[in-house]
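Visitor: For reference, the structure I am asking about is given below.
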Protein chains: 2
Amino acid sequence: MALSPYTQIFEASVLNVLPTMTMTSVSRCGDCVVKDGNLVTGIVSGIIGMAGPKHHASMTLSFEREAILGIFATMLGEHVETINDEILDAVGEFTNIICGDVKRRLSEAGTIIEMATPLVVFGADVRIRDRVTKPTTVIPFETPSGKFFVETNLGV
Amino acid sequence: MALSPYTQIFEASVLNVLPTMTMTSVSRCGDCVVKDGNLVTGIVSGIIGMAGPKHHASMTLSFEREAILGIFATMLGEHVETINDEILDAVGEFTNIICGDVKRRLSEAGTIIEMATPLVVFGADVRIRDRVTKPTTVIPFETPSGKFFVETNLGV
């Protein structure tokens, strides 16, 4: 199966938004892959629906435990041990702002989409399934404390 | 905190839709409660966003493991051991049709809402957080094989 043609847009939005919002260095790591199954990659994930005249899709921003705790330790200037509601809300806000940046870039490229509001899911071994049957591309990123992933089934 | 004023509408929609769709007897059991925290009640849950001029909310239809396996055993006429993608898709469809029935009843009562598309989350000890800060009411139901719950933060 083919990767999403929009991976470069998602990558640009993540690198535009997250380092500034989190005061953390972020870089792409490794190749994009097409996901097999519906197990969420990280332990805490923001999910946002996207819909347009020709598209119905979602974007997921999913952090490994150590990655999100490290990001919060940097932002707060102190050690963080627990993924609490404040962190869940921030993951929702990161997802929302990255998706807004994606929306703007897509619009500039002639593709109009609208965004829903984000939902945040926290747990190990969670499966998430939506109605979109297109393949999901996983884009990996790394921070000094761990990895996170953007997943999207936005296709053509 | 007060219960959602719309609990009777959600109850009526569940009892209108699910027994017919699943060929399973369904009844209300116990009192509605206002939820403390954001841990999902069941193991497999369909979630759907609802938005209108005066409302921004969601509805969750969450099944205990034995409840959804029992419903599927009845529907298929054979023993079912595993919560597979077919079951996840069906939970999304139950959620969608119940929410559509809620939407119709609300419209008849003068409240206009639009529905997003359902997302299905499967896992134990999952926390789900959205942007709605209103209290979530949990409405319990029982089937011959187990319980399920409708949760909503649709308020006034």
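The values are calculated or read from the model by the stated rules, or taken from the named source; none is laboratory data. Being a predicted model, the structure only gives us computed values, none of them experimental. Note: ideal-geometry Cβ built from the backbone for every residue, glycine included; neighbour counts use all protein chains shown. Only protein heavy atoms, including side chains, enter the accessible area calculation; ligands, DNA and RNA are left aside. Shrake-Rupley method; radii C 1.70, N 1.55, O 1.52, S 1.80 Å.
Visitor: Could you calculate the contour length gain from A:SER107 to A:GLU86, that is, 0.36 nm times the residue separation minus the distance between their Cα atoms, to one decimal place in nm?
Guide: Here the answer is 4.4 nm.
Visitor: Setting aside same-chain residues fewer than 8 positions from A:LYS147, which lysines have a Cα under 25 Å from its Cα?
Guide: The reachable lysines, counting only those whose Cα sits under 25 Å from A:LYS147, are A:LYS35, A:LYS103, A:LYS134.
Visitor: While we're on this one: Could you work out how far helix B:7-22 tilts from the main Cα principal axis of chain B, as a 0 to 90 degree angle to the nearest 10?
Guide: 30 degrees
Visitor: Now for a separate question. Taking every pair of alpha-carbon atoms in segment A:76-156, give the share separated by more than 18 Å as a whole percent.
Guide: I get 58 percent for the Cα pairs in segment A:76-156 exceeding 18 Å.
Visitor: A follow-up question, please. Can you give me the Rg/Rh ratio for segment B:7-152, using Cα atoms for both radii and the Kirkwood formula for Rh?
Guide: 0.94
Visitor: Label-to-label distances across copies for A:MET23, with labels 7 Å out along Cα→Cβ, in nm, shortest first?
Guide: Listed shortest first, these distances are 6.1 nm.
Visitor: Find the sum over both chains of the accessible area lost when A and B are paired, probe 1.4 Å, and report it in Å² to the nearest 100. Could the numbers behind the result be given before it?
Guide: Details: alone 7970 and 7950 Å², together 13930 Å².
In total, this chain pair buries about 2000 Å².
Visitor: Moving to a separate point now. In degrees between 0 and 90, to the nearest 10, how far off the longest principal axis of chain A does helix A:65-76 point, with axes built from Cα atoms?
Guide: Orientation of helix A:65-76: about 70 degrees from the principal axis.
Visitor: Shifting gears a bit: Between B:MET21 and B:ALA73, with labels modelled 7 Å along Cα→Cβ, what's the label distance in nm to one decimal, could you check?
Guide: 2.2 nm
Visitor: With a 1.4 Å probe and all protein chains left in place, how much of the accessible area of chain B comes from carbon and sulfur atoms, in whole percent?
Guide: For chain B, the apolar C and S fraction of the accessible surface comes to 51 percent.
Visitor: A follow-up question, please. For chain B, modelled as a Gaussian network with Cα springs under 10 Å, which listed residue fluctuates most, B:SER62, B:SER107, B:SER145?
Guide: Greatest mean-square fluctuation among the candidates belongs to B:SER107.
Visitor: For peptide B:128-140, what's the mean number of Cβ atoms from other chains within 10 Å of each residue's Cβ?
Guide: Numbers: counts 8, 13, 7, 8, 1, 0, 0, 0, 0, 0, 0, 0, 0.
Average per residue, whole number: 3.
Visitor: Got a sec? Charge dipole of segment B:7-152, +1 on Cβ for Lys and Arg, -1 for Asp and Glu; which of B:PRO118, B:ILE47, B:GLY37 is way out at the positive end?
Guide: B:GLY37
Visitor: Starting from a label point 7 Å past Cα on the Cβ side, list the distances from B:ASP89 to the same position in the other copies, nm, shortest first.
Guide: 3.9
Visitor: Take peptide A:114-124, look around each residue's Cβ out to 10 angstrom, count Cβ atoms belonging to other protein chains, and average those counts.
Guide: Per residue, the number of nearby Cβ atoms from other chains is 6 on average.
Visitor: Using a 7 Å offset from Cα along the direction of the beta-carbon, what are the separations from B:GLY110 to the same position in each other copy, nm, ascending?
Guide: Reported distances to equivalent positions: 4.9 nm.
Visitor: With each run of n ≥ 4 DSSP H residues scored as -39500 (n - 2.57), what mean residue ellipticity at 222 nm is computed for the protein assembly as shown after dividing by its residue count and rounding to the nearest 500 deg cm²/dmol?
Guide: That comes out to -11000 deg cm²/dmol.
Visitor: Taking θ = phi - 60°, what integer Hz values does the Karplus form 6.51 cos²θ - 1.76 cosθ + 1.60 yield along segment A:37-44, in sequence order, with x for Gly and Pro?
Guide: Rounded to whole hertz, the list is x, 10, 6, 5, 6, x, 9, 9.
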